[in-house]
Every structure is written in structure tokens, then in C-alpha cells.
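All of the numbers you see were taken from the coordinates with simple rules; none came from a lab. These numbers were taken from a predicted model, which means no experiment stands behind them. Because the Cβ atoms are built from the backbone with ideal geometry, glycine has one as well, and the counts that use them run over all protein chains shown.
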Amino acid sequence: MDRLRVGVIGVGSVVREIYQYLYYRSDFSHLLDIVAVADPNDGYRNWFCDTYRIPENRRFRSHRDMLRSVDLDVTQVNTPDHLHAGPSIDSLEAGLDVVVPKPTAATVKDTHAMIQTARRTGRLLGIDFHKREDPRLKEAEARYQSGRYGEFQVGVWYMLDKLMVADPNFTPMFFATADYAQKNTPISFLTVHMCDAVIKIVDLAPVEVRAVGYAHKLPSLTPIAVQGYDMVDTEIRFRNGATAHIITGWHLPNSAHATTVQSGRMICSEGMFDLGLDTPGYYELHADGLRQINPLFKNFEKDGSVTGYGISSPGRIYQRILASRNGRLDATVREQMASATALGFYTSLVLEGAERSLAQGREVARGVTGGATVDLRTLLVDTLGTAAAADYGY
Ligand SMILES: NC(=O)c1ccc[n+]([C@@H]2O[C@H](COP(=O)([O-])OP(=O)(O)OC[C@H]3O[C@@H](n4cnc5c(N)ncnc54)[C@H](O)[C@@H]3O)[C@@H](O)[C@H]2O)c1
């Protein structure tokens, strides 16, 4: 087999910003044949299918109709987080491999169900946390795990988007749904990236979470106000006692020099390291203003192709799925792909823990919610039972 037959489920903003380039203009496009699309939103479905000439009889409102009607090898599930599990599980049960953009799912229960189904069906499930392919994070992982810095003690990470990302009054609207920022939080959209990165570097399980949420800017928006958090500081305690603060938000002024301003600092017993993720080394001064370009993430090349870790991260997942379909996937790689860490389990646990922390919190000042401390083992035992919790090491 030279090409995977891909069914795309959900063609909203992540497809507009990233995956359309993976599918049609990347070093991985020759491995992929996008044969069908399912999305109930007529505007988005028609935009994608008209642009890329997907025939009328391969356009579906429901993923189940698509799975019934078209021969596929793999689906990519680009639906909102709380709708990842259903289409992923249906696809795995239909004998397909599945690619999902981060986070695996909105809850531990959904994440566990997806992992269980992948293991039972023997199919591959790949989660696209694109920072896993950022060369700076890969270098940090290798150096930390060589023992060079000793024991991780405290980390501070931040990831702040321009307001236009979350503002339903901004045109064109970033998300396909006007209430995205109300139904989602900076935790589900941003914290999960940094949480996955920290876990990848230190390879430690999180045990406790507490979050503080700030809601000043979004509720003040007009004419559509958003009842949601501008920014959240999530404090994660790891098994070795180390603490990471992950500070994320989506309310930076739209005049910011980059869509996402981000960085990380890790202090360890034998040294520290800084990850200047928002200094990729390219600034332009132009009539539009002083702008930062991040070619490491997404680079529009002269020949029309698009490169960068935003593309190579999902691209490598597809390479492995194709190798598996051809009976050539290395057993160690397969095992690594099936691990709870690779499948984003611990990040889902932090996500649910942080959202629970805020839900159980109290207002400590105007617009500021001080979250409760959430014990992640208790959360896991309450949700999945002691046997499943023990399987995940709790
Ligand atoms: N890799 C990244 O950095 C990145 C960036 C943005 C979003 N994401 C993730 O991608 C996913 C989608 O986010 P988005 O920003 O594109 O959201 P979005 O709201 O812009 O788009 C979601 C799309 O899914 C469609 N959809 C909803 N229910 C469906 C169903 N049952 N079947 C088929 N389609 C359905 C919607 O109509 C919409 O077009 C989320 O999990 C999000 O966290 C990842």
C-alpha cells in the first residue's frame, strides 16, 4: 500500500490553520488520499470539499454514514474535544486506525474508553501533540533524561494567545462555533500542550492539581460577552514532589507580535534550562507592524509546500500507520505508541483535574476563582475504579 485512504471527521479551524496543509501541501501528502469528509456544518464541509474537489457522494453530515459508505484505512477526528471519543471508537471498531488532535478527549473516562478500544481492536491511535516534534523540546527531553540536570524541582510555563482566537466578535471568527470559548477553557485549548511537553521531558506522573482562573477580559467583550476564563494558572504536583505552573490564556491584545506568546523554565537540582519558545529567531518590520514569524511551527516555503513541526508531528503518525498497514512497523515503536503517556492519558487527567479544581473553587476576588486541590488518584479511582487506576500506575 502506497497511500492511506483517509476520512476526515470535522473540518473546522484546526483544519483551516494546520491540517489542510498536511493533507495537500506537505512532505506527507503523497502518503494520504483524502477520500471522504464528515461534518454537520454545511459551510465548513463545503469550503473544504469545494476547495479540494471531494465529490458530492463523499461528503457526509454524519461520520457513521461515512464509515458505512466509504472504504477507508484511517480517520482523523477533528471534532471538539468532548466529541473525540464517539467517532474515534466507531472508527477503531470499524477496523480503522485513528489520528486525533490534542487533547485525546475532554475527560479521563473518554480517554480511557479510546485507549481500551485501540488496545482491544489492535488498531493504532495517534494523538497529535505537535510540540512533541519541536526540536527544542526533543533536545530538552534527551538532556533531562540523560541525568544532566538532576531532579526536576519547579517549572514555570506560559502560553498566551491573542484575544482574536477566543473573541466571537472578531471577524473572521477563529472557531467554527461562536460559543467555543464559553464551552472550552484555556486549559483544554492551551495548558494541555505544555502539560504534555513537561511530562514528555521529565517522564513523571502527575498526582495533584490546583488551578486559579481569571475572568476579567472575556466577560467585558461587546456585543457578545464570553462567560469564560481569560487565563488560568494550573499548578501540577508530580510524583517526585516537583511542581509545574502552567499559565495559559487567550486575551493578549491583538496587536501582540505573535499569535501565541510562549515559553518554559525548568529548575532542577543540578541546573536549569530555559525554552524560549517564543523566540524562534525571525522578526519582520513591515507596514503591518513588528511581527514574529515562527518557521519552526509552520513554514510556507517558496515551492508552495508547508513544513514545520505543526505538520511533521501528525505526518509522522501517518507514516507509522502506513508502515503498520504494510506490516513494517517496528514492534518497539508500536509499543511506545500504545503507552498511556503517548496516548495523552496523563494530560487528560490534568485537564479534568484542573477543570474540576475550578468548578469546586470559590471567588477569591472579583473575577478570580481560587480552585480546590484535586487529588488525581482519587479522581481516577472515582471515575474508573481501583483496578483501572492501578493499571495507569495509581
Ligand atoms: N493541533 C493544535 O494545535 C490544535 C489547534 C486547534 C484545535 N485543536 C483541536 O482540534 C479539535 C477541533 O478544534 P477546532 O479548533 O477545529 O474546532 P472548531 O469548532 O473550529 O471545528 C470543529 C468542527 O467539528 C465539526 N463537528 C462537530 N461535531 C461533529 C461530528 N459529530 N462529526 C463531524 N464533525 C463534527 C464542527 O461542525 C466543526 O466544523 C479540538 O480537539 C481542538 O482542541 C488542535
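Out of Ala94, Val77, His130, whose Cα points farthest toward the positive end of the dipole of the chain (charges: +1 Lys, Arg; -1 Asp, Glu; placed on Cβ)? The residue sitting most towards the positive pole is Ala94. Rounded, prolate or oblate: which fits the chain when a ≥ b ≥ c are the square roots of the eigenvalues of the alpha-carbon gyration tensor, with rounded for a/c under 1.5 and prolate only if a/b beats b/c? Rounded, because the longest to shortest axis ratio a/c is under 1.5. For segment 1-58, what class follows from the C-alpha gyration tensor (a ≥ b ≥ c being the square roots of its eigenvalues): rounded when a/c is under 1.5, otherwise prolate if a/b is larger than b/c, else oblate? Note, shape of segment 1-58 comes out oblate. Applying 1/(1 + (r/R0)^6) with r as the Cβ-Cβ distance of Asp27 and Ala178 and R0 = 45 angstrom yields a FRET efficiency of 0.80. For segment 100-189, the spread of Cα positions along the three principal axes, ordered from largest to smallest, is 49, 38, 22 Å. For segment 284-386, the list of GluC sites (Glu not before Pro) that fall in a loop by DSSP and count at most 14 other C-beta atoms within 10 angstrom reads Glu301.
A simple spin-label model places pseudo-atoms 7 Å from Cα toward Cβ; at Asp375 and Asp71 they are separated by 5.5 nm. Per residue, the convex hull spanned by the Cα atoms of segment 289-394 measures out at 181 cubic angstrom. Here r is the Cβ-Cβ distance between Thr383 and Arg328 and R0 is 56 Å; the resulting FRET efficiency, rounded to 0.05, is 0.90. Relative contact order for the chain: 19 percent, from Cα pairs under 8 Å spaced at least 6 residues apart, divided by residue count.
For the pair Arg64 and Arg143, what calculated FRET efficiency results from E = 1/(1 + (r/R0)^6), where r is the Cβ-Cβ distance and R0 = 56 Å, to the nearest 0.05? It comes to 0.75. Placing a pseudo-label 7 Å from each Cα along the Cα-to-Cβ vector at Asp2 and Ala225 gives an inter-label distance of 5.9 nm.
Entry for segment 247-295 at q = 0.18, 0.22, 0.28, 0.31 Å⁻¹: log10 I(q)/I(0) = -0.68, -0.86, -1.10, -1.19, Debye formula applied to identical alpha-carbon scatterers, no solvent contribution.
Which trypsin sites (Lys or Arg not before Pro) does segment 14-57 hold that lie in a coil by DSSP with at most 11 other beta carbons within 10 Å?
On the way: sites: Arg16, Arg25, Arg45, Arg53; in loops: Arg25, Arg53.
The qualifying sites are Arg53.
Annotation: lysines with alpha-carbon distance below 30 angstrom to Lys162 (same-chain offsets under eight excluded): Lys102, Lys131, Lys138, Lys183, Lys200, Lys217, Lys298, Lys302.
The trypsin sites (Lys or Arg not before Pro) of segment 326-368 meeting both criteria, a DSSP state outside H, G, I, E and B (loop) and at most 14 other C-beta atoms within 10 angstrom of the site's C-beta, are Arg328, Arg366.
Listed highest first by mean packing, meaning other Cβ atoms within 10 Å per residue, what order do 5-15, 33-43 come in? Spell out each step's value before the answer.
Working: 5-15: 23.6, 33-43: 18.5.
Descending packing order for the listed peptides: 5-15, 33-43.
Counting pairs of alpha carbon atoms under 8 Å apart in space and at least six apart in sequence, what relative contact order in percent does segment 109-221 give? Averaging sequence separation for qualifying contacts and normalising by length gives 29 percent for segment 109-221.
When shorter helices are ignored and each DSSP H run of at least 4 residues is given -39500 (n - 2.57), the per-residue value for the chain at 222 nm works out to -9000 deg cm²/dmol. Binning all Cα-Cα separations of segment 55-125 at 10 Å, short to long from zero, yields these whole-percent fractions: 22, 54, 22, 3. Expressed to the nearest 5 percent, the antiparallel share of DSSP beta bridges inside the chain is 60 percent.
Under the simplified labelling scheme, the Ser263-Gln116 pair shows an inter-label distance of 4.4 nm, with each label point 7 Å from Cα along Cα→Cβ.
Given axes a ≥ b ≥ c from the Cα gyration tensor, I'd like to know whether segment 31-149 is rounded (a/c under 1.5), prolate (a/b larger than b/c) or oblate.
Prolate.
From the C-alpha coordinates alone, can you work out the Kirkwood hydrodynamic radius of segment 114-241, in Å?
That comes to 17.2 Å for segment 114-241.
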